[in-house]
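Everything below concerns the one structure shown next.
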Amino acid sequence: MKDWLRAVGLSGVFLLTAPYPYKASGTEAKELCDTPFVFSAGLLACRIVGDFPTACQKALTSKMGTAYPMWVRELAKTWEGLPYGSGGAGLKAHEILLNLSQMDCMTAVENILALHLARQSPNPTPETFAFYLAQVRYSTIPPCRWEDRLHYLTHSFLVWEERGFGSWLPIGRPDPRPIHYLSAHRQKYPGFTDWAYIQKVEARLSRHPRYYIPTAEVQAWLPLLQDGDLIAFVSTEEGLDVSHVGVFFWEGTKATFAHASLKARRWVVGEDLCAYLDKRRSKVAGIAVFRPFP
């Protein structure tokens, strides 16, 4: 960990310069990546919350050399009880939030994927994590606008797949519903100004094939799921693709997941997946599954 990063202390902003290395393949999802090739060197402004450097280095070096499923299981256990929330109050549009002391469901999954990508580097550091988090969280970097955030999990899954981070499993049934929640609720997003771009993204996502497992069919598909799969809870609300996300784990023969729970206001491990779905049939249509590459 670099001295200047350690010197930042418990909170603050630091700047990083380095290339953003990822390789995009020529798939249909390519159009959803505004910068689908190797990023040139640029400048990132990162805002850290809490003792991020220590927490990040611990997560990166824990279970070094172990496969992703074992590593993410241990990580999920160490997070148990962490408070719910992004910690992003006052965050500026161009700043990337680095926070491992509290998370909402989306920032938790982004952190997991970025940590997993960073830990595969020869000598991973918090700086390595920051670079990967930018690739996980944004469609275009730099610069970062509010609109450049991957707001729809459908968008995230497609971009992550395009960037070689994993695979969206084409299992279950097609989901043909149009996506337009953001543009239909503009009053909720006062920081957005480029609504033409948002609508363009929504149109692309609506055209792109996507799959989910209906709640009534989850039991039949469970044997295909593996520890560490990212499971998205498909929303029944008009225009919205996904309302929640967590990480799947087998506990013996029981299907469970870990997630940042809004109801519990903390990170929860061992939630019964089928029971969770049964209680939310009116709001959750089923699940979609993204599998990070090991």
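Structure notes:
- Residue 170 more than 26 Å from residue 51 (Cα to Cα), exposed (fewer than 14 other Cβ atoms within 10 Å of the Cβ), within 20 Å of the chain's Cα centre (by Cα) and modelled with pLDDT of 95 or more: yes
- Among the residues of region 190-207, those identified as of a type outside the set (D, E, K, R) and without any contact (Cβ under 8 Å) to a residue 60 or more places away in the chain are 190, 192, 193, 195, 196, 197, 198, 199, 203, 206.
- Residues of region 229-236 include at least one that is outside any strand (DSSP E or B) and surrounded by 19 or more Cβ atoms within 10 Å (Cβ to Cβ).
- Residues in region 185-206 that are over 17 Å from residue 140 (Cβ atoms) and surrounded by 13 or more Cβ atoms within 10 Å (Cβ to Cβ): 189, 203, 206.
- Odd one out for residue 286 among (1) over 15 Å from the mean Cα position of the chain (by Cα); (2) outside any strand (DSSP E or B): (2)
- All conditions in (1) assigned to a helix (DSSP H, G or I); (2) touching a Phe, Trp or Tyr at 6+ places or on another chain (Cβ under 8 Å); (3) more than 21 Å from residue 292 (Cα to Cα) hold for residue 197, with the sole exception of (2).
Every residue, every condition in (1) at pLDDT 95 or above; (2) closer than 30 Å to residue 223 by Cα; (3) in the same structural domain as residue 225 (by TED's automatic domain parsing), yes or no:
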| position | (1), (2), (3) |
| --- | --- |
| 80 | yes, yes, no |
| 86 | no, no, no |
| 96 | no, no, no |
| 100 | yes, no, no |
| 124 | no, no, no |
| 141 | no, no, no |
| 145 | no, no, no |
| 174 | yes, yes, yes |
| 188 | yes, no, yes |
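- Segments classed as helices (runs of 4 or more DSSP H), wholly inside region 68-157, with at least 2 members that are surrounded by 21 or more Cβ atoms within 10 Å (Cβ to Cβ) and under 13 Å from the mean Cα position of the chain (by Cα): 105-119, 126-137
- Matching residues, region 237-282, being part of a loop (DSSP other than H, G, I, E, B) and farther than 28 Å from residue 206 by Cα: 252, 253, 263, 264, 265
- Residue 118 falls short of the stated requirement of being more than 20 Å from residue 45 (Cα to Cα), touching a residue at least 24 places away in the same chain (Cβ under 8 Å) and among the hydrophobic types (A, V, I, L, M, F, W, C).
- Within region 50-67, the set of residues being in a loop (DSSP other than H, G, I, E, B) and either at pLDDT below 95 or not small (Gly, Ala, Ser) (or both) comprises 50, 51, 62, 63, 64, 65, 66.
The values are calculated or read from the model by the stated rules, or taken from the named source; none is laboratory data. Just so we're clear, the structure is a prediction, and the values are computed from it rather than from any experiment. Here Cβ is always computed from backbone atoms with ideal geometry, including for glycine, and neighbour counts include all displayed protein chains.
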